[in-house]
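Peer 1: One structure, as structure tokens, below. Some questions next.
None of the figures in this text is laboratory data; all of them are computed from the coordinates on show. Source: prediction; values computed, not measured. Neighbour counts run over all protein chains shown; Cβ positions are idealised from the backbone, glycine included.
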Amino acid sequence: MIDTLGPIIPESDDKPHEECGIVGAYVPGESIARTTFFGLFALQHRGQESAGIATSEGDEIHLKAKMGLVSQVFREETIAGLPGHLGIGHTRYSTMGGSKEYNAQPLIAEGQRGQIAVGHNGNVINAAALRVEMAEEFGSTFEKTSDTEVIAELFAKAPGNDWFEVSSYAMRRLKGAYSLAIMTKDKLIAVRDPLGIRPLCLGSLNGGWVVASETAALDNLGAEFVRELENGETLVIDENGVTSKIWSGARKAHAMCVFEQIYFARPDSILNGELAYETRQRLGAEVYREHPVDADIVVGIPDSSTPHAVGLAAAAKIPYAEAIIRNRYVGRTFIEPDQKARAQGVQTKFNVMRGVVEGKRLLVVDDSIVRSTTITRVINMLRHAGAAEVHVRVASPPIKSTCHFGVDMATLSELIAANMELDEITKYIGADSLAYLSVDGLLRAVRAPKNSYCTGCFTGNYPIPVQLEMNKMGFETITAD
């Protein structure tokens, strides 16, 4: 049972953390490092710990990867030092392995087919076992502490006459989530895992090709969206164009992480053929249909909950109001906050407009609640500004289980819905009423075919068997030893 606020949790830590973003490009005649940079820039929301780009002009791989945001890691002189028309890029939030520079991607591996660079979005749940097996089978040595190093070693050392055979071999052994951008000195390879848990798409650009985690990255480059990759699909892109093969063991219906629809992907990205913004509007409308309440205005917690709130307001025929203003310049800083600043928490990021909420019955919409730190402090701010009533509707179900496929969303003991009943949570956060979207309502809103989407964090039912909780720092002690 959670009975105290516990330690101060930064507002940014009270949401599921975006996994990683990957970009790959093969465009003859272009400075691909610049192209990759702007692709990564559009995916910064997926990870803010480190960034990296690897390129090639056909003879060798050049690499730059460091801690920091994309704009902090790369300058004009850095881009100039990454020549070539072929490259991959990565922006990271760590889901396995520490937030260390040696884990910054892309990672390099060597094998019988030469050198490769790998960028990975997802989480491989049998990485620890594979490390042991590969040390015995291939003589692999591991110097880093992420599952991506295991993937890179496997693709570098795996038997096969071509990259499709290599990828099929790897898919038989890897368990979990992985969208991959891989490059050799002259080829770009894109891989989506057999369950299709993490998104990956293909676009065309100036006579060449781009792959990316989201279509928003293609838009940022002026590339034309071609299609999303299928479950278990491998693309090989080189001077001959694009060739494709789908692994025979791939699942027919995808098991994409449903949080991509709720929160992770940019609202201007296309997922499963639909704009994420429109899907989020349906999520908001659905939770109101399930749990109507009288109110004067609808308020979304910016920016991630805005589409959900707009959709709810339209369904409820209640005016939508921008009552909470977000400071868009709050983010990473090199100045550590003192305890007073940490305790301020949400006030640093949000400000309530008293004239909009004073005396009003508010219907506050959030996309999700993890620990409840943010929603609790937002409600306090709204009451301090004179709100008469605060009703909360959450456009996703209660999060009762942890994720094992590339999302860092707190431990089981920290998930408020796993430790409190609805009436207890309502009282704890200080709301007049609280209601979550049902799992059935979620699946209706995302227009899910039968058995599609991973909803494990809500239901505890995962597309493949997993252990109860995983330690993302597990490899740190192994490597130290």
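Peer 1: Provide 299, 446 in ascending order of the number of other Cβ atoms located within 10 Å of each residue's Cβ, fewest first.
Peer 2: Final ranking by Cβ density, sparse to dense: 446, 299.
Peer 1: Using a Förster distance of 30 Å, how high is the FRET efficiency between residue 290 and residue 427, based on the Cβ-Cβ distance and rounded to 0.05? Before the final figure, lay out the partial values.
Peer 2: Details: r = 21 Å, r/R0 = 0.71.
Step by step, r from the Cβ atoms, then E = 0.90.
Peer 1: Report the GluC sites (Glu not before Pro) located in segment 112-149 that are in a DSSP loop and have at most 15 other Cβ atoms inside 10 Å of their Cβ, or state none. It would help to have the intermediate numbers written out before the result.
Peer 2: Numbers: sites: 133, 136, 137, 143, 149; in loops: 143.
Counting only loop positions with at most 15 other Cβ atoms within 10 Å, the GluC sites (Glu not before Pro) in segment 112-149 are 143.
Peer 1: Now a separate question. Suppose the chain between residue 322 and residue 128 were pulled fully straight at 0.36 nm per residue; how much longer would it get relative to their current alpha carbon spacing?
Peer 2: On the way: separation 194, 0.36 × 194 = 69.84 nm, distance 4.73 nm.
Between residue 322 and residue 128, full extension yields an extra 65.1 nm.
Peer 1: Still on this structure, please answer the following. Report the local net charge at residue 388: Lys and Arg +1, Asp and Glu -1, summed over other residues whose C-beta lies under 15 Å from its C-beta.
Peer 2: Working: positive: 354, 360, 361, 383; negative: 294, 296, 358, 389, 432.
Overall, the nearby charge balance is -1.
Peer 1: Charges at C-beta only: +1 for Lys and Arg, -1 for Asp and Glu. How large is the resulting dipole of segment 276-447 about its Cα centre, in Debye rounded to 20? Before the final figure, lay out each step's value.
Peer 2: Details: 21 positive and 20 negative charges, 78 e Å.
Taking the Cα centre of segment 276-447 as origin, the dipole is about 380 debye.
Peer 1: Something else: Let me know the charge dipole size of segment 13-255 about its Cα centre in debye, to the nearest 20, where only the beta-carbon of Lys, Arg (+1) and Asp, Glu (-1) is charged.
Peer 2: Values: 23 positive and 32 negative charges, 91 e Å.
Here segment 13-255 has a charge dipole of around 440 debye.
Peer 1: Regarding the chain, what's the average projected area of the Cα-atom convex hull, expressed in nm²?
Peer 2: Numbers: hull surface 88.7 nm².
If I average the Cα hull's projected area over directions, I get 22.2 nm².
Peer 1: Tell me, what ³J(HN,Hα) does each residue in segment 452-460 have, in order and in whole Hz, if you take phi through Karplus 6.51 cos²θ - 1.76 cosθ + 1.60 with θ = phi - 60° and put x for Gly and Pro?
Peer 2: Once θ is set to phi - 60°, the couplings for segment 452-460 become 9, 6, 8, 10, x, 5, 9, 10, x Hz.
Peer 1: When the helix-only estimate is applied to the chain (DSSP H runs of n ≥ 4, each -39,500 (n - 2.57), divided by the residue count), what is the mean residue ellipticity at 222 nm, nearest 500 deg cm²/dmol?
Peer 2: Numbers: 18 runs with 141 residues, N = 481.
-8000 deg cm²/dmol, from helical runs alone.
Peer 1: Provide the percentage of antiparallel DSSP beta bridges, counting only those with both residues in the chain; round to the nearest 5. Kindly include the intermediate steps, with their values, before the conclusion.
Peer 2: Numbers: 68 of 84 bridges.
Expressed as a percentage, antiparallel bridges in the chain total about 80.
Peer 1: If the only charges are +1 at each Lys and Arg Cβ and -1 at each Asp and Glu Cβ, what is the size of the charge dipole of the chain around the Cα centre, to the nearest 20 debye? Please report the intermediate quantities before stating the final value.
Peer 2: Numbers: 47 positive and 60 negative charges, 165 e Å.
Magnitude of the dipole: close to 800 debye.
Peer 1: Take the Cα coordinates of segment 378-450, assign each an equal point scatterer, and use the Debye formula without solvent to give log10 I(q)/I(0) at q = 0.14, 0.18 Å⁻¹.
Peer 2: Ignoring solvent entirely, the Cα scatterers give -0.58, -0.87.
Peer 1: Further question: Which GluC sites (Glu not before Pro) in segment 393-448 sit in a loop by DSSP (not H, G, I, E or B) and have at most 14 other Cβ atoms within 10 Å of their own Cβ? If you can, show how the numbers build up before the last one.
Peer 2: Working: sites: 414, 421, 424; in loops: 421.
Of the GluC sites (Glu not before Pro), the ones in loops of segment 393-448 whose Cβ has at most 14 other Cβ atoms within 10 Å are 421.
Peer 1: When all alpha-carbon pairs of segment 81-187 are counted, what percent fall beyond 23 Å?
Peer 2: Working: 1187 of 5671 pairs.
I get 21 percent for the Cα pairs in segment 81-187 exceeding 23 Å.
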